[in-house]
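Novice: Let me begin by handing over the structure; questions about it come next.
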Amino acid sequence: MDATAAIRRAVELIHHGARIVAFTGAGFSTASGIPDFRSAEGGLWSKIDPMEVASLSAFRFTPERFYDWARPLAARLSAAEPNPAHFALRALERTGREVTVITQNIDNLHQKAGSSRVIEIHGSFRTLICTGCRRRFDTETEIEPRLLEMRIPLCPHCRSILKPGATLFGEDLPRDSWQAAAAACRECDVMIVAGTALEVYPAAELPEIAVRNRAAVISVNISPTPLEPRASVAVRGRVEHVLPTIAAEVKALG
Ligand code: ZN
C-alpha cells in the first residue's frame, strides 16, 4: 500500500471511531528540537551515557552530578514548542472525538499544544517530588523554578532531596498513569501509534492491548516497527507531515 492509500485508510478508520488513543514517543518531539537519545544524532546526550547518569542509582548515589546533567535538560524541555504533529492531535480532538494521548515523552508538549487528555507514562520533568514527604512541586510556576537552581534541590518543608517526576532508568513506571493508559487502550476504537520505535518496555505492550481488543491500530513512523505487521494500516513517514494531513482529512469528512 503506498503512502497516499495508507493515509486514506487511516482517515476512514478514524472517521468511524469515537474513542481514539494516540500513543506517542521520542519521534514525536524531534521536530520540536528534542533529540531522541537512542538515536545516533542525539546531540544533547552524546557526551554522556544517559543510561548511566539518568538512572535511579545515579540519582541516589551522585545527586549533584545527576542534577548537573538534569538542569540543562529541564531548561531545554521547558523552552521547546509543540510541532504540527502535536497540533494535529489537538485538531482531532476538536472534531468531537474523545482523544486520549498516551505519551512516553517527558516534555509537556502535548499539553502545550492544547490536548486535554494526556497520560504521561514516564512522568514529567515539570514536577519535582520529595523523597521524604512525597509533596510535589511544579517547576514552571512563579516561585518554584528556584528549586531547580539549587545544587541539589531540597524540599522546602522537610529538607529531603527532591527527585524529578520523570521516570529514571531502573525505576518503575508511575502506577496510576500506567493503569489509566492500559484502560484507555482496552476501551478505544482506534489507536494511533506514532513516532515510537516501540523499543522500550513495558510501554511497547500498550498497542498489544488494543490489538487484542480488536481496535483498529494505525502505525505512523519514519522507520519500520515491530507493530507494523499486526497494524490495520501502517504509514511510513514523519509524524509532523503525516498527522496534520490525516487530521485535516478527518475534519473535512465531518
Ligand atoms: Zn518533603
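Novice: If you take the Cα Rg of segment 142-197 and divide it by 2.2 N^0.38 Å, with N the number of residues, what do you get?
Specialist: 1.70
Novice: For the chain, what is the percent of antiparallel DSSP beta bridges, rounded to the nearest 5?
Specialist: Percentage antiparallel, nearest 5: 25.
Novice: What ³J(HN,Hα) values, in whole Hz, does the Karplus curve 6.51 cos²θ - 1.76 cosθ + 1.60 give for segment 20-25 when θ = phi - 60°, with x put for Gly and Pro?
Specialist: Rounded to whole hertz, the list is 10, 10, 10, 10, 10, x.
Novice: Which FRET efficiency value, to the nearest 0.05, do you get for ARG60 and MET150 by plugging their Cβ-Cβ distance into 1/(1 + (r/R0)^6) with R0 = 22 Å?
Specialist: 0.80
Novice: Using amide H atoms built in the peptide plane, which far-off residues or other-chain residues are under 5 Å from ILE192 H to H?
Specialist: VAL21, ALA22, PHE23, ILE218
Novice: Can you compute log10 of I(q)/I(0) for segment 124-218 with the Debye formula, treating each Cα as one identical point scatterer, at q = 0.14, 0.25 Å⁻¹?
Specialist: Debye curve over Cα of segment 124-218, log10 I(q)/I(0) at q = 0.14, 0.25 Å⁻¹: -0.67, -1.22.
Novice: May I ask you to give the average projected area over all directions of the convex hull of the Cα atoms of the chain, in nm² rounded to one decimal?
Specialist: 13.3
Novice: Continuing with this model, one more query. Each residue of segment 70-76 in turn: what ³J(HN,Hα) in whole Hz from Karplus with 6.51, -1.76, 1.60 and θ = phi - 60°, glycine and Pro shown as x?
Specialist: 6, 4, x, 5, 4, 5, 5
Novice: Which residue fluctuates most in the GNM of the chain (Cα springs below 10 Å): ILE106, ILE121, ILE209?
Specialist: Result: ILE209 has the largest fluctuation of those listed.
Novice: On to the next question. Would you mind checking the tilt of helix 84-94 against the longest principal axis of the Cα atoms of the chain, expressed as 0 to 90 degrees and rounded to 10?
Specialist: 70
Novice: Here's something else I'd like to know. Please give the Cα centre distance for segment 129-205 versus segment 219-250, rounded to the nearest Å.
Specialist: Using only Cα atoms to place each centre, the spacing works out to 27 Å.
Novice: Turning to a different aspect of this structure: Calculate one ³J(HN,Hα) per residue across segment 155-172 by plugging θ = phi - 60° into the Karplus curve 6.51 cos²θ - 1.76 cosθ + 1.60, and present them in order as whole Hz with x for glycine and proline.
Specialist: These are the phi-based 3J(HN,Hα) values: 5, x, 8, 10, 6, 6, 6, 9, 10, x, x, 7, 6, 8, 4, x, 10, 5 Hz.
Novice: Can you give the Rg to Rh ratio of segment 65-113, both from alpha-carbon atoms, with Rh computed by the Kirkwood formula?
Specialist: The Rg/Rh ratio comes out at 1.12.
Novice: Starting from the Cα of ALA180, move 7 Å in the Cα-to-Cβ direction to define the label point; list residues of segment 62-92 whose amide nitrogen is under 20 Å from there.
Specialist: 86-87, 89-92
Novice: With the contact rule set at Cα under 8 Å and sequence spacing of 6 or more, what percent relative contact order holds for the chain?
Specialist: Answer for the chain is 26 percent.
Novice: Quick check on segment 113-159: take the gyration tensor over C-alpha atoms, sort the square-rooted eigenvalues as a ≥ b ≥ c, and tell me if it's rounded (a/c under 1.5), prolate or oblate.
Specialist: prolate
Novice: In nanometres, what is the gap between the two model label sites at ASP68 and CYS158, each 7 Å from Cα along Cα-to-Cβ?
Specialist: So the two model labels end up 2.9 nm from each other.
Novice: Defining a contact as two alpha carbons under 8 Å apart and six or more residues distant in sequence, what relative contact order in percent does segment 112-254 show?
Specialist: Computed over segment 112-254, the figure is 17 percent.
Novice: Same structure, new question: Over all alpha-carbon pairs in segment 87-166, figure out the percentage whose distance exceeds 16 Å.
Specialist: The proportion of pairs with Cα distances above 16 Å equals 56 percent.
Values quoted throughout were computed directly from the atomic coordinates according to the rules given, and no laboratory measurement underlies them. Treat the numbers as computed from the prediction; the structure is a model and nothing was measured. Here Cβ is always computed from backbone atoms with ideal geometry, including for glycine, and neighbour counts include all displayed protein chains.
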